[in-house]
1. Name the single residue, out of those in region 97-110 being over 13 Å from Ile72 (Cα atoms) and out of contact with any Asp or Glu (no Cβ under 9 Å at 6 or more places or on another chain), that is modelled with the lowest pLDDT.
2. Is there a residue being surrounded by 14 or more Cβ atoms within 10 Å (Cβ to Cβ), polar (S, T, N, Q), in a loop (DSSP other than H, G, I, E, B) and touching a Ser or Thr at 6+ places or on another chain (Cβ under 6 Å) anywhere in region 20-40?
3. Could you grab me the full set of residues in region 19-39 that are farther than 28 Å from Lys93 by Cα and touching a residue at least 12 places away in the same chain (Cβ under 8 Å)?
4. Can you pull out the residues in region 1-19 that are of a type in the set (A, V, I, L, M, F, W, C) and either closer than 17 Å to Gln40 by Cα or surrounded by 10 or more Cβ atoms within 10 Å (Cβ to Cβ) (or both)?
5. Applying the selection to region 1-19, what residues are in a loop (DSSP other than H, G, I, E, B), within 18 Å of the chain's Cα centre (by Cα) and not small (Gly, Ala, Ser)?
Amino acid sequence: MVFCSTQTLKPLSLGDRCSLLIETKWKEQVGIVLFGFQNQMEKDLFNLLQMVNGIGSKVAILMLGKLSPTQICAAIRDEDHNIIASVPGIGPKLAQRVVLELKSKIKSIDIPPYENKPVDTNFQDALKALIELGLSHNEAYN
């Protein structure tokens, strides 16, 4: 069995063949656990997220299911704790820790060039306001 984020599984149908990058973890209670990723960026971010105290493989794969790797990297780069905290199981303090601890480390992940454009502050302000009103990041973004 291979655990994957919902983002990785979304384009697949039952019976489809696919290729995945695999990360192997050893869990004392369970044994070998496999995690599958659609690309190197997702796999690198999975490993990077687990460097933060309080984020294990389950929370990391959940984050990658809720937010795309580019959304996570942009939120960390822009110090937008609200986007990170929109993931179930991640509170405001853990979101701040993610941003603080990974801000300098995400530079090692290859973020597509369009994600490095200056951010439209009006759009970001509106997005933050909608999230503060209780919408999830994806609902506010759409």
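1. If we take residues in region 97-110 being over 13 Å from Ile72 (Cα atoms) and out of contact with any Asp or Glu (no Cβ under 9 Å at 6 or more places or on another chain), then Ser104 is modelled with the lowest pLDDT.
2. Within region 20-40, the first condition is being surrounded by 14 or more Cβ atoms within 10 Å (Cβ to Cβ), and the residues that meet it are 20-21, 23, 25, 33, 35-38.
Going one step further and asking which of them are polar (S, T, N, Q), we end up with 38.
Cutting the leftovers down to in a loop (DSSP other than H, G, I, E, B) gives us 38.
Add one more test, that the residue is touching a Ser or Thr at 6+ places or on another chain (Cβ under 6 Å), and what stays is 38.
The answer is yes; a qualifying residue exists.
3. Residues satisfying the conditions are Leu20, Leu21, Ile22, Val33, Leu34, Gly36, Gln38, Asn39.
4. Of the residues in region 1-19, the ones of a type in the set (A, V, I, L, M, F, W, C) are 1-4, 9, 12, 14, 18.
Val2, Phe3, Cys4, Leu9, Leu12, Cys18, listed by residue number.
5. Narrowing region 1-19 to residues in a loop (DSSP other than H, G, I, E, B): 1, 5, 10-19.
Add one more test, that the residue is within 18 Å of the chain's Cα centre (by Cα), and what stays is 5, 10-11.
Scanning region 1-19 gives Lys10, Pro11.
The values are calculated or read from the model by the stated rules, or taken from the named source; none is laboratory data. It should be emphasised that the depicted structure is a prediction, and the values quoted were computed from it without experimental measurement. Note: ideal-geometry Cβ built from the backbone for every residue, glycine included; neighbour counts use all protein chains shown.
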